[in-house]
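The values are calculated or read from the model by the stated rules, or taken from the named source; none is laboratory data. What you see is a predicted model; the values in this text were computed from it and never measured. Cβ: placed from backbone, ideal geometry, glycine included. Neighbour counts: every protein chain shown.
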Protein chains: 2
Amino acid sequence: MSFPLLFDFYELTMAYGYFRAGIHERTAVFDLFYRKGPFEHPYVLFVGLEGVLQGIENFRFGEDEIRYLQSVAPQIRDEQFWDLLRRFRFHGTIYAPEEGTVMFPREPMLRVEGKLFEVQLLETMLLTYVNHQSLIATAAHRMVEAAAGKPVIEMGARRAQGVDAAIDGARAAYIGGVSKTATTEAGRRFGIPITGTMAHSFVLAFHRDVQSPDQAKEAELEAFTAYAEAFPDQCLLVVDTTDVERSGLPNAIAVFRKLREKGYEPIGVRIDSGDLAYLSRVCRKALDEAGFPGAQIIASSDLDEFVIRDLLAQGAPIDAFGVGTNLITARSDPALGGVYKLAAIEWEENGERHLSTPIKLSENPTKVTLPGRKNVVRLLKDGQFVGDLIILEDEEDPKGPLRMIHPEYRWKQKVVTDYEAIRLLRPVYRDGRRLIDKITPDTARQTAAQSLAQLSPEHRRLHMPHEPHVDLSDALYERWMAEIHRRRMEKVQ
Amino acid sequence: MSFPLLFDFYELTMAYGYFRAGIHERTAVFDLFYRKGPFEHPYVLFVGLEGVLQGIENFRFGEDEIRYLQSVAPQIRDEQFWDLLRRFRFHGTIYAPEEGTVMFPREPMLRVEGKLFEVQLLETMLLTYVNHQSLIATAAHRMVEAAAGKPVIEMGARRAQGVDAAIDGARAAYIGGVSKTATTEAGRRFGIPITGTMAHSFVLAFHRDVQSPDQAKEAELEAFTAYAEAFPDQCLLVVDTTDVERSGLPNAIAVFRKLREKGYEPIGVRIDSGDLAYLSRVCRKALDEAGFPGAQIIASSDLDEFVIRDLLAQGAPIDAFGVGTNLITARSDPALGGVYKLAAIEWEENGERHLSTPIKLSENPTKVTLPGRKNVVRLLKDGQFVGDLIILEDEEDPKGPLRMIHPEYRWKQKVVTDYEAIRLLRPVYRDGRRLIDKITPDTARQTAAQSLAQLSPEHRRLHMPHEPHVDLSDALYERWMAEIHRRRMEKVQ
């Protein structure tokens, strides 16, 4: 049995560095968080937790793995170190919100506590899952939001960045609100509803020796008829192989009439090129006049949230949207920049153990990290989001009137009363085993829907949304400032 | 043993439609090609062939798979059809250029011939591999080109769109010219050189109870010393955890001096934030003055081809570039829009077999496909690229003076003489087995380098490159126009 070595090589060299310094078993606390939302969106849906929990279970080193690592790190000759890897199981604790929860910049989405070398080795694996899947779920949410209640179908596998991107991406998109996927394996693996009908090649396969437009039209009719015979109760026909108005649409209506004679109602037509607003109106009118007001019009062809919004704003009679590339790659902003930063480290002095809370100052002020073991408290009033407070784990939940203070613009404040406080991070993995059941896409999808329903329409707006209140507790703010000032070096020019 | 169902569900419904119409075993020819290069780049490196060949070998349907498909397609009750899937092996033929070859828009990168239902089922799998890997290889090539001979290191796994994207992406990036990857599993799986040293967390792990900037600086020195002891011959130190000029750099030099006393030369320093041009100059000066002119300066932090080019244009003394997100996601254009289109289909009439060559007209003129079994002839003169000619497979290679004619702007012509003609597509898979050896990343990397060396600097320019000549043979052009006119329906307004 072989396990993928899902880490950056520096996680191994650092692990050995810790080992040589004798600090590899000190307790360390890492936060996984992002600094800026993709698409200038003010939040992301936290997705990838189930992948993370399964990934941790598979995070092992067999003899093959050890041999490979020894070959690329011949400097490491301590057998004790290699034995540490041979016995590797993650024994620490992971804290996380429920998969699907809305999370804001700087909020820990995972808090990982354990032996320094163990938590360091997990870095890349945790980031890859959470960054990718949260990104795609958030992209999906935006398209679903734009579709304003009409179903969105994910069909991007062929443009996905690899097989995982297609399959895990379909799961994330479903959690973000799409109704179905075309990716068969995502259906099988996760139980997500799948869908699919025909491509243009199906029509062209019936183009025998076509010599005239009439013969091309006949060939299309033959293709449609064949499809309707195979799937009489699932008849959705792609109508733009040669000409929507002169061929695809009249052929589809002819086939729908025959179907009805046999007692079947058609699903409808799909338009995959051309001006979708114009063509959908042409199709709607013809279908209505032919007596098929129930036949749906599905549109696809390079859709994204803005095209969907504009089509609907123009009153295009489209019943469902198929989205491919722009969703499965989050094309307009294809990476969530989640990071994994040390927030606390145990230290021994005179036989006593201390937890120190370092921060990275960095040359970029926006990259300064927050110190300590933290949690996030979501404040709701009448079920609606009023703000988040990042607190130190050992603080009590806030009670009574609460003055929230913007962490940068300190004069920006608001007082919140009569709120409900919900601590978002709870342990999900401890001592080598997961503490929560397998998370199905449906569970995470529900979590996302509930979490999103707490936000106002202003927060959910696609363009120039309202910035949510995410503040730091007084104790965290003071610790943060103290750690900065302890490290800040005077620059004299 | 379970196989992933790597297809869009419509490939199955179409397969059944073909089966019901009795045409599923007719010979069909599909082309895989792209219409427009990513990043407005005039070509891509064709990568993904090894993945495709392995994917085809794994393309099977076990009983689990059949059961799942039956559950989602209950309309399909023909046991004969399910038996076809149970026995599924791809028996057709695949033609492809060598993995790594430069390919231009509209040129077939794969030509797939076989039974209609078989070639249809492969659609998504072929597209996913080729689209993703060709994209990343091309993105890597641009960054390597910008780096003008300095090494580029791939380190994007944490931002990749899933685990495959990280691992296969690292392989593609290597083929595109990067020198090393940080992704350990890519090293193990493909034999690509890997590299890695330390993150900021390594420094912060030594921040015990820091009370002053001096103590922070001491902690960093302690971390550097620990790392140098673990890897005395591989000492590369990240110098921007608190302050490059006042802490990281002087600490690094102190450690380098100790190393030298022990007989080791340092690798150098890494800068991961701040202004890289300014900081690299500061580091270079200090390292030179301290007697370490051989110590390298590695820069990272959101680099892409344009930042690399500009840093070098400003004379920043950077010796190697680490690139993450922008490479592994091809951030500025994260999808190659490869498509898979029917180009020919066998037809029986009066007991005779014909190969008809349909095209898709589509509502978008740029999406009109090219008909027939095609190949690509690369024309070289003195080893340099002068143009490509897309021809019909049964045409002879061009000989003697050749008039090349732009397929759209027909007045744009040039006559080429004394050229060498190389047919790019050759069979790589036939009758259920691959015809070529396993393609190593090094082989494909060499192919890419040779193929790129045939292009002029004008073609390889990052911004506003010269458009290469890619024309159609007269026979193909005439067939194309004939097929269009046979299908074009008169629009009267």
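Okay, here's what the table says:
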| read-out | value |
| --- | --- |
| Where residue A:348 falls short, out of the listed (1) within 12 Å of another protein chain (Cβ to nearest Cβ); (2) at pLDDT 95 or above | (2) |
| Residue B:339 being surrounded by 23 or more Cβ atoms within 10 Å (Cβ to Cβ) and in contact (Cβ under 8 Å) with a residue 60 or more places away in the chain | no |
| Residue selected from region B:202-215 under the condition more than 7 Å from chain A (Cβ to nearest Cβ) and part of a helix (DSSP H, G or I), by the criterion farthest from residue A:25 (Cα to Cα) | B:214 |
| Residue satisfying condition, being without any contact (Cβ under 8 Å) to a residue 60 or more places away in the chain and in contact with an Asp or Glu (Cβ under 8 Å, 6 or more places away or on another chain), within set B:279, B:249, B:237 | B:279 |
| Per-region count, region A:66-80, residues within 36 Å of the chain's Cα centre (by Cα) and either modelled with pLDDT under 95 or not in a loop (DSSP other than H, G, I, E, B) (or both) | 6 |
| Filtered residues of region B:1-17 (kept if modelled with pLDDT of 90 or more, more than 7 Å from chain A (Cβ to nearest Cβ) and more than 13 Å from residue A:183 (Cα to Cα)) | B:15 |
| Candidates B:304, B:272 - the one that is facing chain A (nearest Cβ under 9 Å), in contact (Cβ under 8 Å) with a residue 40 or more places away in the chain and over 17 Å from residue A:21 (Cβ atoms) | B:272 |
| Some residue of region B:306-314 being in a loop (DSSP other than H, G, I, E, B), in contact with a helix residue (DSSP H, G or I) (Cβ under 6 Å, 6 or more places away or on another chain) and buried (at least 23 other Cβ atoms within 10 Å of the Cβ) | no |
| Test: residue in region B:369-378 that is surrounded by fewer than 18 Cβ atoms within 10 Å (Cβ to Cβ) and on the phi > 0 side of the Ramachandran plot | no |
| Within region A:279-322, tally of residues that are of a type in the set (Asp, Glu) and within 21 Å of residue A:249 (Cα to Cα) | 3 |
| Residue in region A:137-146 that is within 22 Å of residue A:40 (Cα to Cα), in contact (Cβ under 8 Å) with a residue 60 or more places away in the chain and in a loop (DSSP other than H, G, I, E, B) present | no |
| Test set (1) at pLDDT below 95; (2) within 30 Å of residue A:184 (Cβ to Cβ); (3) among the polar types (S, T, N, Q) - residue B:197 fails condition number | (2) |
| Qualifying positions in region A:216-227 - buried (at least 24 other Cβ atoms within 10 Å of the Cβ), farther than 20 Å from residue B:484 by Cβ and more than 9 Å from every other protein chain (Cβ to nearest Cβ) | A:224 |
| Residue match in region A:186-201 (condition: more than 7 Å from chain B (Cβ to nearest Cβ), among the basic types (Lys, Arg), farther than 26 Å from residue A:459 by Cβ and within 20 Å of the chain's Cα centre (by Cα)) | yes |
| Filter result for the condition that a residue is more than 11 Å from the chain's Cα centre (by Cα) and crowded, with 24+ Cβ neighbours inside 10 Å, over B:161, B:133 | B:161 |
| Failed criterion for residue A:412 (all others in (1) without any contact (Cβ under 8 Å) to a residue 40 or more places away in the chain; (2) within 14 Å of another protein chain (Cβ to nearest Cβ); (3) surrounded by 11 or more Cβ atoms within 10 Å (Cβ to Cβ) hold) | (2) |
| Members of region B:20-38 that are buried (at least 20 other Cβ atoms within 10 Å of the Cβ) and assigned to a helix (DSSP H, G or I) | B:21, B:38 |
| Residue among B:55, B:37, B:22 that alone is facing another protein chain (nearest Cβ under 10 Å) and under 19 Å from the mean Cα position of the chain (by Cα) | B:55 |
| Cβ-Cβ under 6 Å pairs, at least 6 apart or on other chains, region A:367-384 side among the hydroxyl-bearing types (Ser, Thr, Tyr), far side not in a strand (DSSP E or B) | A:369/A:359; A:369/A:360 |
| Boolean, residue B:185 is of a type in the set (D, E, K, R) and in contact with a helix residue (DSSP H, G or I) (Cβ under 7 Å, 6 or more places away or on another chain) | yes |
| Pair list, Cβ < 7 Å and 6+ apart or interchain, from region B:474-493 residues that are more than 19 Å from residue A:240 (Cβ to Cβ) to residues that are of a type in the set (Ser, Thr, Tyr) | B:479/B:357 |
| Region A:170-182: number of residues that are buried (at least 24 other Cβ atoms within 10 Å of the Cβ) and either more than 7 Å from chain B (Cβ to nearest Cβ) or out of contact with any helix residue (DSSP H, G or I) (no Cβ under 8 Å at 6 or more places or on another chain) (or both) | 9 |
| Complete set of residues in region B:379-401 that are outside any loop (DSSP other than H, G, I, E, B) and out of contact with any Phe, Trp or Tyr (no Cβ under 7 Å at 6 or more places or on another chain) | B:384, B:385, B:387, B:389, B:390, B:391, B:392 |
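Residue by residue, here is whether (1) modelled with pLDDT under 95; (2) more than 30 Å from residue B:168 (Cβ to Cβ); (3) surrounded by 12 or more Cβ atoms within 10 Å (Cβ to Cβ); (4) within 14 Å of chain A (Cβ to nearest Cβ) holds:
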position: B:427; (1), (2), (3), (4): no, no, yes, no
position: B:430; (1), (2), (3), (4): no, no, yes, no
position: B:434; (1), (2), (3), (4): no, no, yes, no
position: B:439; (1), (2), (3), (4): no, no, yes, no
position: B:442; (1), (2), (3), (4): no, no, yes, no
position: B:449; (1), (2), (3), (4): no, no, yes, no
position: B:476; (1), (2), (3), (4): no, yes, yes, no
position: B:485; (1), (2), (3), (4): yes, yes, no, yes
